[in-house]
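The values are calculated or read from the model by the stated rules, or taken from the named source; none is laboratory data. Predicted model, so just to flag it, every value in this text is computed and none were measured. Every residue, glycine among them, receives a Cβ derived from its backbone with ideal geometry; neighbour counts consider all protein chains shown. Ligands, DNA and RNA are excluded from the accessible area calculation, which covers all protein heavy atoms including side chains. Shrake-Rupley method; radii C 1.70, N 1.55, O 1.52, S 1.80 Å.
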Amino acid sequence: MSYQLYNIFGYVPTCTSHTKEYVPYWQGLGKLKDTIPPLSIWETEDRYKRHNEMWHQIDSFLSGKTPNSEYMNTFGPDHATDIIESMVGGLGKTFYHNTLNQGAITNMNDESFLELLCEVNMDGIIPLLSGEMPRGIRGMEELVLDTHEHTAEVVVEGSYNKLRRAMLTDPLVNSIADAEQIIEGLLELERNIIPKQWYERKLETHC
């Protein structure tokens, strides 16, 4: 996947595992058989089970059931502890973080929320200057950002019309009928936790 993306855009993604989820190429939507098979959908129940086991493991340390001396035998350094070490020790290491652009990408909005190479110290996260986002890749980024912006507005405004627009802006949605059915299905499943206004509304017809 990394090589195919490099072949298309001339740049290698730093995190292919996440990049592949935001592009349409491996979603299984093509008519012809591709050299790389489509992504498989992970089962939510397996993920919930794994998370539950992880919480039990942590609770065991917190309760004293598992002695703290076993902690370092069970876990090793991870992304969070590496960041903490660099911050406290003033090591000046860089990490990729989701943060405001703040001018790091010169041809995108300063308030764009991007995953950028950053310095992290006790004063906060400082994205490093990266120059311009290449044409093509920038277009794909902006589409995802538009989807996120619409979604945030949906939550604040409670607008069904904008919810539909947000869904249909998403680069992975390719069917109006499917999108509408997904929205209606999720609204029904989440009726107990979503504000009542969503079930009292009528679809707006104006632009």
In region 33-68, anything among the aliphatic types (A, V, I, L, M) and open to solvent by less than 100 Å² (accessible area, probe 1.4 Å) is listed as 36, 39, 54, 58
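Table: residues versus (1) open to solvent by 60 Å² or more (accessible area, probe 1.4 Å); (2) under 19 Å from residue 15 (Cα atoms).
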{"residue": "73", "(1), (2)": "yes, no"}
{"residue": "85", "(1), (2)": "yes, no"}
{"residue": "95", "(1), (2)": "no, yes"}
{"residue": "98", "(1), (2)": "yes, yes"}
{"residue": "105", "(1), (2)": "no, yes"}
{"residue": "109", "(1), (2)": "yes, no"}
Listed by first then second residue, the pairs whose first member lies in region 37-65 and is within 19 Å of residue 21 (Cβ to Cβ), whose partner is in a helix (DSSP H, G or I) and not aliphatic (A, V, I, L, M), with beta carbons under 9 Å and at least 6 positions apart or on separate chains, are 39/20; 39/21
Residue set 120, 144; condition in contact (Cβ under 8 Å) with a residue 12 or more places away in the chain, touching a Ser or Thr at 6+ places or on another chain (Cβ under 8 Å) and open to solvent by less than 70 Å² (accessible area, probe 1.4 Å); output residue 120
The correct count of residues that are open to solvent by 50 Å² or more (accessible area, probe 1.4 Å) and either aliphatic (A, V, I, L, M) or over 20 Å from residue 95 (Cα atoms) (or both) in region 129-138 is 3
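Out of 180, 149, 184, report the one residue that is open to solvent by 100 Å² or more (accessible area, probe 1.4 Å), part of a helix (DSSP H, G or I) and modelled with pLDDT of 90 or more. Working first, answer last.
Working: 180 fails: open to solvent by 100 Å² or more (accessible area, probe 1.4 Å); 184 fails: open to solvent by 100 Å² or more (accessible area, probe 1.4 Å).
The match here is 149.
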Taking region 14-29 and keeping only residues that are assigned to a helix (DSSP H, G or I) and either out of contact with any helix residue (DSSP H, G or I) (no Cβ under 8 Å at 6 or more places or on another chain) or farther than 20 Å from residue 130 by Cβ (or both), one is left with 17, 18, 20, 21
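Would you say residue 5 is assigned to a helix (DSSP H, G or I), touching a helix residue (DSSP H, G or I) at 6+ places or on another chain (Cβ under 9 Å) and either surrounded by fewer than 12 Cβ atoms within 10 Å (Cβ to Cβ) or of a type in the set (A, V, I, L, M, F, W, C) (or both)? Give the derivation first.
Numbers: assigned to a helix (DSSP H, G or I): yes; touching a helix residue (DSSP H, G or I) at 6+ places or on another chain (Cβ under 9 Å): yes; either surrounded by fewer than 12 Cβ atoms within 10 Å (Cβ to Cβ) or of a type in the set (A, V, I, L, M, F, W, C) (or both): yes.
Criteria met by residue 5.
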Here the residues within region 1-36 that are closer than 20 Å to residue 173 by Cα, more than 17 Å from the chain's Cα centre (by Cα) and in contact (Cβ under 8 Å) with a residue 40 or more places away in the chain are 29
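Applying the selection to region 152-177, what residues are loosely packed, with under 14 Cβ neighbours inside 10 Å and not in a loop (DSSP other than H, G, I, E, B)?
First, the residues of region 152-177 that are loosely packed, with under 14 Cβ neighbours inside 10 Å: 152, 155-157, 172, 174-177.
Result: 152, 155, 156, 157, 176, 177.
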Residue set 60, 40, 2, 86; condition modelled with pLDDT of 90 or more, of a type outside the set (Asp, Glu) and closer than 25 Å to residue 147 by Cβ; output residue 2
